[in-house]
Every structure is written in C-alpha cells, then in structure tokens.
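The values are calculated or read from the model by the stated rules, or taken from the named source; none is laboratory data. What you see is a predicted model, and the numbers here were worked out from it, not measured in a lab. Methodologically, a virtual Cβ is constructed for each residue, glycine included, from the backbone with ideal geometry; neighbour enumeration extends over all protein chains shown.
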Amino acid sequence: MIGVFMSGFDSPLDNLKIASPCSANWSAMQGDERKRHCAECKLNVYNLSGMTRYDAENLLRLSEGRLCIRYVRRADGTILTQDCPVGWAKVKQKVSIFAAAAFSLVVSLFASIFIASIFSKKMRSHEPLMGAIAMPSPTQERRTGV
C-alpha cells in the first residue's frame with residue numbers, strides 16, 4: 001500500500017512523496033495499465049505513469065483519504081506520465097532521424113541512377129558500329145508511300 005502526501009504546489013505531481021512503500025506485485029493484480037486492484041490491502045492502485053498528466057493531477061487533487069499509486073520517477077525528479085513531452089520529444093527525434101536517413105538513401109539512389117545513365121549514354125555514343133547497310137525492299141517503299 002502506498003500513501004500520498006502533497007503540499008500546496010501548483011501541480012500535485014511536483015511534490016509527490018510515498019508514505020509507505022508497498023511490496024505487492026503489480027503484475028499479480030487484476031486490472032489494466034491505469035488501475036489495478038490489490039488483494040492485500042483491498043484498494044485500487046493507480047498507475048500515474050499510465051495516465052496523462054491531466055488525469056494523474058486530477059486523480060491526486062480529487063482523491064479523499066487513502067490513495068495507493070504507482071509511478072516512475074525520472075532522474076531529474078519529475079514523474080513520467082503517458083503524455084510526457086520529454087518522451088514524445090525522444091520519439092519525434094527518432095522518427096526524424098529515421099526519416100532523414102530514408103530520404104538520404106532515396107536521394108542517393110536516384111542520384112546514382114542518374115549518373116549511371118549519363119555515363120552509359122556517353123559510352124554508347126563513342127562506340128563504332130559496323131555492318132552492311134540494310135536497304136529498304138521495294139515492297140516496304142510501296143506500303144509506306146515513300
């Protein structure tokens with residue numbers, strides 16, 4: 001069971017303290033990623049890191065009495081929430097890097113094809129051709145009107 005103490009700061013997530021750490025196994029509890037029921041203490045345990053910041057703050061503000069919570073605290077001391085801007089920034093950065101790499105690969109591929117086609121045209125224009133001249137047959141001239 002986890003108790004919560006908060007002071008009068010703007011966001012209840014900014015000064016969150018655990019009164020008594022709980023040893024119950026989250027994985028053994030029934031529920032979803034936001035809320036599970038603890039059979040040991042007979043309370044719901046709320047996963048703040050599985051909620052948006054807005055939902056987590058509202059839960060903490062509106063709770064009365066005993067509240068059990070679960071959360072992940074980052075190295076800088078802030079609580080990780082589902083819509084964490086730092087987490088989204090990392091996702092966006094990874095997608096951006098992947099997109100830039102894919103774009104560079106496509107541009108390189110097209111540039112290589114273009115350069116190869118230029119060199120192949122130059123090579124073909126300098127190749128000498130030999131062979132007997134093919135004169136049009138008289139029947140071909142009549143059909144084409146020449």
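So the values come out like this:
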quantity: Residues of the range 88-103 satisfying the condition of being small (Gly, Ala, Ser) and either at pLDDT 85 or above or in the same structural domain as ARG34 (by TED's automatic domain parsing) (or both); calculated: ALA99, ALA100, ALA101, ALA102
quantity: Pairs where the first residue, in the range 56-70, is in the same structural domain as LEU43 (by TED's automatic domain parsing) and loosely packed, with under 15 Cβ neighbours inside 10 Å and the second is modelled with pLDDT under 85 and part of a loop (DSSP other than H, G, I, E, B), C-beta under 8 Å, 6+ apart; calculated: ARG66/MET1; ARG66/GLY3
quantity: The range 31-49, residues that are assigned to a helix (DSSP H, G or I) and modelled with pLDDT under 90; calculated: SER49
quantity: Filter pass, LEU48 being surrounded by 12 or more Cβ atoms within 10 Å (Cβ to Cβ) and under 27 Å from the mean Cα position of the chain (by Cα); calculated: yes
quantity: Criterion violated by ILE69 - all others in (1) at pLDDT below 85; (2) part of a strand (DSSP E or B) satisfied; calculated: (1)
